[in-house]
Amino acid sequence: MIKSKTKNKNSDLSLNGYDLILGSNSPRRRQLLSAFTTDFSILVSDYDEKYNKSQSAKKYVLECTLNKAIDVFKKCQLGQFSNPIVICADTIVVHKNTLLFKPTDKTQAQQMLQKLSNSTHQVMTAVCVKSLKHTFVSYSKSTIVFDKFSQTEIDNYIATNSPFDKAGGYGIQDAQIAAKVKKIKGDTDTVVGLSLDLTKKLLDKIIKIDNKNK
């Protein structure tokens with residue numbers, strides 16, 4: 001478990017009295033959440049993500065994120081947290097109604113990048129915020145249009161090993177990929193892996209309900 005204790009002075013989100021838990025080991029999500037505060041712990045979910053082909057992309061990403069949050073919250077209850085709020089997220093890439101997950105090898109990474117080259121796709125990131133009494137889950141979606149990738153560009157990017165921990169086999173924050181973005185419609189943070197606007201809305205919702213009940 002990773003623990004940090006530095007407040008971000010630019011955040012207007014009051015988390016006093018809560019133990020904030022990020023249910024992800026993603027360095028990108030950790031960096032994004034730090035826009036609110038770095039006073040949070042990290043606990044990784046053991047939930048086994050299994051995709052049923054009968055599921056829609058939306059249903060899959062929402063259910064997966066919810067189950068991750070439930071798993072992490074159970075861990076919190078076994079630990080030292082007196083008033084935990086868990087944040088979990090899951091990101092998928094959808095290209096022509098096909099879900100693209102994290103590539104498991106170079107061949108898969110190459111196939112994914114070839115599909116996305118000179119094409120339009122969607123990225124969906126679901127966020128779940130869970131406390132002892134309340135659970136809220138929602139999602140955001142962005143549309144990305146890529147320019148054409150040459151085979152050399154694909155091979156060079158795969159050689160960095162960056163594709164292998166990212167849905168769709170790419171990170172939009174990587175310079176090689178950012179240079180190929182023709183258009184983004186929606187929230188860039190959604191593509192990176194955690195919509196800050198959506199996360200803050202869900203956190204605010206729990207905090208406001210709790211304050212009403214005091």
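Exactly one residue out of 150, 138, 131 is more than 30 Å from residue 205 (Cα to Cα) and not aliphatic (A, V, I, L, M): that is 150. Only one entry in 146, 136 is touching a Leu at 6+ places or on another chain (Cβ under 6 Å) and touching a residue at least 60 places away in the same chain (Cβ under 8 Å), namely 136.
Yes or no, residue by residue, for (1) among the acidic types (Asp, Glu); (2) over 22 Å from residue 61 (Cα atoms); (3) in contact with a strand residue (DSSP E or B) (Cβ under 8 Å, 6 or more places away or on another chain):
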{"residue": "109", "(1), (2), (3)": "no, no, no"}
{"residue": "116", "(1), (2), (3)": "no, no, yes"}
{"residue": "137", "(1), (2), (3)": "no, no, yes"}
{"residue": "145", "(1), (2), (3)": "no, no, yes"}
{"residue": "148", "(1), (2), (3)": "no, yes, no"}
{"residue": "157", "(1), (2), (3)": "no, yes, no"}
{"residue": "192", "(1), (2), (3)": "no, no, no"}
{"residue": "208", "(1), (2), (3)": "no, yes, no"}
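Each residue in the stretch 105-126 was checked for being buried (at least 16 other Cβ atoms within 10 Å of the Cβ) and assigned to a strand (DSSP E or B), and 6 of them qualify. Residues considered: 129, 123, 137. Of these, the only one that is touching a Cys at 6+ places or on another chain (Cβ under 6 Å), closer than 20 Å to residue 195 by Cα, among the aliphatic types (A, V, I, L, M) and modelled with pLDDT of 95 or more is 137. Residue under question is residue 7, and the condition is that it be at pLDDT below 95, assigned to a loop (DSSP other than H, G, I, E, B) and either within 27 Å of residue 120 (Cα to Cα) or of a type in the set (A, V, I, L, M) (or both); does it hold? No.
Just one of the listed residues (141, 133, 102, 182) is of a type in the set (Lys, Arg), over 30 Å from residue 74 (Cβ atoms) and not in a helix (DSSP H, G or I), namely 182.
Of all residues in the stretch 22-68 being outside any helix (DSSP H, G or I) and surrounded by 21 or more Cβ atoms within 10 Å (Cβ to Cβ), which is modelled with the lowest pLDDT? The qualifying residue modelled with the lowest pLDDT is 36. Each residue in the stretch 72-99 was checked for being in contact (Cβ under 8 Å) with a residue 40 or more places away in the chain and either in a strand (DSSP E or B) or under 19 Å from the mean Cα position of the chain (by Cα) (or both), and 14 of them qualify. Scanning the stretch 166-179 for residues that are surrounded by fewer than 21 Cβ atoms within 10 Å (Cβ to Cβ), outside any loop (DSSP other than H, G, I, E, B) and not hydrophobic (A, V, I, L, M, F, W, C) gives a single hit, 176.
From the list 203, 194, 198, the one residue that fits, being under 19 Å from the mean Cα position of the chain (by Cα), at pLDDT below 95, buried (at least 20 other Cβ atoms within 10 Å of the Cβ) and among the aliphatic types (A, V, I, L, M), is 203. Note on the stretch 144-179: among residues that are of a type in the set (Val, Ile, Thr) and out of contact with any Phe, Trp or Tyr (no Cβ under 8 Å at 6 or more places or on another chain), the one that is farthest from residue 76 (Cα to Cα) is 152.
The values are calculated or read from the model by the stated rules, or taken from the named source; none is laboratory data. Just so it is clear, the model here is predicted, and its values are computed rather than measured. Every residue, glycine among them, receives a Cβ derived from its backbone with ideal geometry; neighbour counts consider all protein chains shown.
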